[in-house]
Amino acid sequence: MPEQLTGRTIAVPETRELDLLAQMLERHGAVTFRCPMVAILDAPDPAPIEDWLKRFAAGGCDDLILLTGEGLRRLLGFADRAGIKERFIAALGGVRKITRGPKPARALRVVGLKPDLAAAEPTTEGVIATLAAHDLSARAVGVQLYADNPNTKLIDFLDAAGARPDPVAPYVYASAAADQRVADLITEMAGGRIDAIAFTSAPQVRRLVEVAEKSRLADELRHGLARTKVAAVGPVVAERLRTIGARVDITPEGSYFMKPLVNEIIAAFAGAPAT
């Protein structure tokens, strides 16, 4: 296999599929700087999640908006531990399922289901644009969130449309990499020793900024991002990067998975000599 990334060092802040993404890059000759930024954990208090699941399983929702594949997997885990997994899946089959992007659609396929509506774009705005064409009056809409993002924009839209949103946040983010490892990554980028960094989730960006500020490396981070090719797996991550003033050099078109991201990274370096 051609080693198109020979001589390139790529930073990988992924956690759950760190080895997979790193190996995909290494197979093309890259050296990877592994720095898992964020761990995903079940919400610490199961009671509100179980209450929501019982309402849902009893027919409490007409629609369910799935923003992430991880969210559905976590809900299934909570349902299993509560002894209502089969009831939850049965209820899931009977509601209109709206997905933001390919990951929740893939999670649905694991339990033999598929989306009824897919967002025009894999963003909150895409979900809103898709639902705006439908009458939501008096519909009970389950909304799968995650703890650091209450998504008031989506909830406000549902309220204004006459729906009754019923949100649930089945997981939280926790720091994974030690602060020093993240600080070392910032220093390596500022020194020009990282050719690209491949972001696969918006919380990775938040964690990077938090450590930079805590370690008094905010200037180094800005300098490092400016001289490093910045890759984002999709538009949500790209938008988060732009909010911190980062330039997004690499992002897949229309397919927001790791393989298209790796292909775009390879294309970005094609023909350019390694330094």
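A few remarks follow.
- Verdict on PHE199 being touching a residue at least 60 places away in the same chain (Cβ under 8 Å), under 30 Å from ARG96 (Cβ atoms) and not assigned by TED's automatic domain parsing to the domain that holds ILE65: no
Rundown of residues vs (1) farther than 19 Å from ARG27 by Cα; (2) of a type outside the set (Val, Ile, Thr), yes/no style:
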{"position": "ASP179", "(1), (2)": "yes, yes"}
{"position": "ALA190", "(1), (2)": "yes, yes"}
{"position": "ARG222", "(1), (2)": "yes, yes"}
{"position": "VAL236", "(1), (2)": "yes, no"}
{"position": "GLU239", "(1), (2)": "yes, yes"}
{"position": "ALA246", "(1), (2)": "yes, yes"}
{"position": "GLU253", "(1), (2)": "yes, yes"}
{"position": "LYS259", "(1), (2)": "no, yes"}
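- Test: residue in the stretch 239-246 that is in contact with a Cys (Cβ under 9 Å, 6 or more places away or on another chain) and in a loop (DSSP other than H, G, I, E, B): no
- Residue within the stretch 1-14 that is among the polar types (S, T, N, Q), touching a helix residue (DSSP H, G or I) at 6+ places or on another chain (Cβ under 7 Å), under 30 Å from GLU188 (Cβ atoms) and not assigned by TED's automatic domain parsing to the domain that holds VAL230 present: yes
- Residue match in the stretch 211-230 (condition: assigned to a helix (DSSP H, G or I) and at pLDDT below 95): no
- Complete set of residues in the stretch 250-272 that are more than 22 Å from ALA120 (Cα to Cα) and either polar (S, T, N, Q) or touching a residue at least 24 places away in the same chain (Cβ under 8 Å) (or both): VAL262, ASN263, GLU264, ILE265, ILE266, ALA268, PHE269, ALA270
- Note on the stretch 237-258: residues that are touching a Phe, Trp or Tyr at 6+ places or on another chain (Cβ under 9 Å) and not aliphatic (A, V, I, L, M) amount to 1.
- Within the stretch 17-41, the set of residues being in contact (Cβ under 8 Å) with a residue 24 or more places away in the chain, out of contact with any Phe, Trp or Tyr (no Cβ under 6 Å at 6 or more places or on another chain) and not small (Gly, Ala, Ser) comprises GLU17, LEU20, LEU21, MET24, LEU25, ARG27, HIS28, PHE33, CYS35, PRO36, MET37, LEU41.
- Among the residues of the stretch 141-151, some residue qualifies, meaning at least one is farther than 12 Å from LEU67 by Cα and crowded, with 20+ Cβ neighbours inside 10 Å.
- Hey, ASP116 over 19 Å from SER201 (Cβ atoms) and surrounded by 15 or more Cβ atoms within 10 Å (Cβ to Cβ) or not: no
- Residue match in the stretch 129-152 (condition: touching a helix residue (DSSP H, G or I) at 6+ places or on another chain (Cβ under 6 Å) and free of Cβ contacts under 8 Å to residues at least 60 places away in the same chain): no
- Matching entry among GLY93, GLY69 (being surrounded by 17 or more Cβ atoms within 10 Å (Cβ to Cβ) and at negative phi): GLY69
- When each of ARG164, ARG207, ARG181 is tested for being farther than 21 Å from ILE266 by Cβ, crowded, with 21+ Cβ neighbours inside 10 Å and at pLDDT 95 or above, the lone residue that passes is ARG207.
- Positions within the stretch 232-275 being under 20 Å from THR68 (Cα atoms) and of a type in the set (Gly, Ala, Ser), in sequence order: ALA232, GLY234, ALA238, GLY254, SER255
- Number of residues in the stretch 210-235 that are under 18 Å from THR9 (Cβ atoms) and surrounded by 17 or more Cβ atoms within 10 Å (Cβ to Cβ) equals 8.
- The stretch 87-107, residues that are under 17 Å from the mean Cα position of the chain (by Cα) and not charged (D, E, K, R): ILE98, THR99, GLY101, PRO102, PRO104, ALA105, ALA107
The values are calculated or read from the model by the stated rules, or taken from the named source; none is laboratory data. Because the structure is a prediction, the values reported are computed rather than measured. Methodologically, a virtual Cβ is constructed for each residue, glycine included, from the backbone with ideal geometry; neighbour enumeration extends over all protein chains shown.
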